[in-house]
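The values are calculated or read from the model by the stated rules, or taken from the named source; none is laboratory data. As the structure is a computational prediction, the values presented were derived from the model and not from experiment. Don't worry about glycine lacking a Cβ; one is built from the backbone with ideal geometry, like all the others, and counts go over all protein chains shown.
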């Protein structure tokens, strides 16, 4: 007769039965889409039962966060504090304090193109075109168009398309309406202050339909930055093999709990 298995400690039952589903549900509320989500919780039962999760290792594919498309993500979250007492009573998991996520993400060329439609990159695109209109004579007619946009959205007039090549990115803006200039920019990317993604050595591509178009340096746009927010601290940016890879840390902030009137 096989020996009976020893009973599992109560803390382990709570962790294995309640916490992973609660974390998975919370992640689903933060992401627009995610596939192949895997995570592992690290920590002692006593710590976790107090609402302190020392570490979670997480990986995912085809994730979408605030309109930003990611093919791959492999990150580690640490020092997480949650309302475990309420989770035990079948309440939704809620963060009680900020915590850092450290790791790497990867965007393919298709991801980059899809992300260009996001509000975050759309705002940066508008600012980029404002500076381009002031600095490049061939784009001077852009200013009238930009002044007429009430919501700082350029997608109604341009189809944005990006190509990721060795060491640099090509951004093409193809007009949807007459009398709007086509735009093609080639640039390298770098990181400034940890949270700014900057253009390095950008060039205007004339006659972009040619195999080897003439390029004109855009010195006024060198260093143009897309601000990713103070909670982001990037440490590495690599452009290669039709992919953009970013490494660093993001500080996740808890959202205020919803309140209901009496």
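For the stretch 136-179, a residue qualifies if it is modelled with pLDDT under 75 and in contact with a helix residue (DSSP H, G or I) (Cβ under 7 Å, 6 or more places away or on another chain), and the qualifying residues are 139, 140, 142, 143, 146, 152, 153, 154, 155. Within the stretch 166-184, the set of residues being more than 22 Å from the chain's Cα centre (by Cα) and not in a loop (DSSP other than H, G, I, E, B) comprises 174, 175, 183, 184.
Put simply, of 132, 120 the only residue that is touching a helix residue (DSSP H, G or I) at 6+ places or on another chain (Cβ under 6 Å) and buried (at least 16 other Cβ atoms within 10 Å of the Cβ) is 132. Residue count for the stretch 15-49 under the criterion of being exposed (fewer than 13 other Cβ atoms within 10 Å of the Cβ) and either more than 25 Å from the chain's Cα centre (by Cα) or over 30 Å from residue 114 (Cα atoms) (or both): the result is 4.
Yes or no, residue by residue, for (1) in contact with a strand residue (DSSP E or B) (Cβ under 7 Å, 6 or more places away or on another chain); (2) outside any helix (DSSP H, G or I); (3) within 19 Å of residue 251 (Cα to Cα):
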| residue | (1), (2), (3) |
| --- | --- |
| 16 | no, no, no |
| 37 | yes, yes, no |
| 47 | yes, no, no |
| 56 | yes, yes, yes |
| 75 | yes, yes, yes |
| 87 | no, no, no |
| 106 | yes, yes, yes |
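Report whether or not residue 202 is farther than 19 Å from residue 123 by Cβ and either assigned by TED's automatic domain parsing to the domain that holds residue 181 or surrounded by 17 or more Cβ atoms within 10 Å (Cβ to Cβ) (or both). No; evaluated as a whole, the condition is false for this residue.
Restricting 235, 249, 187, 211 to residues that are free of Cβ contacts under 8 Å to residues at least 12 places away in the same chain and either outside any strand (DSSP E or B) or in contact with a strand residue (DSSP E or B) (Cβ under 9 Å, 6 or more places away or on another chain) (or both) narrows the list to 211. Of all residues in the stretch 190-199, those being surrounded by 15 or more Cβ atoms within 10 Å (Cβ to Cβ), part of a loop (DSSP other than H, G, I, E, B) and touching a residue at least 40 places away in the same chain (Cβ under 8 Å) number 0. Pairing residues of the stretch 23-48 that are on the phi > 0 side of the Ramachandran plot and in the same structural domain as residue 84 (by TED's automatic domain parsing) with residues that are surrounded by 13 or more Cβ atoms within 10 Å (Cβ to Cβ) and assigned to a helix (DSSP H, G or I), at Cβ distances under 9 Å and at least 6 apart in sequence or on separate chains, gives 43/15. Could you list all residues from the stretch 154-172 that are without any contact (Cβ under 8 Å) to a residue 24 or more places away in the chain and surrounded by 15 or more Cβ atoms within 10 Å (Cβ to Cβ)? Within the stretch 154-172, 157, 171 qualify.
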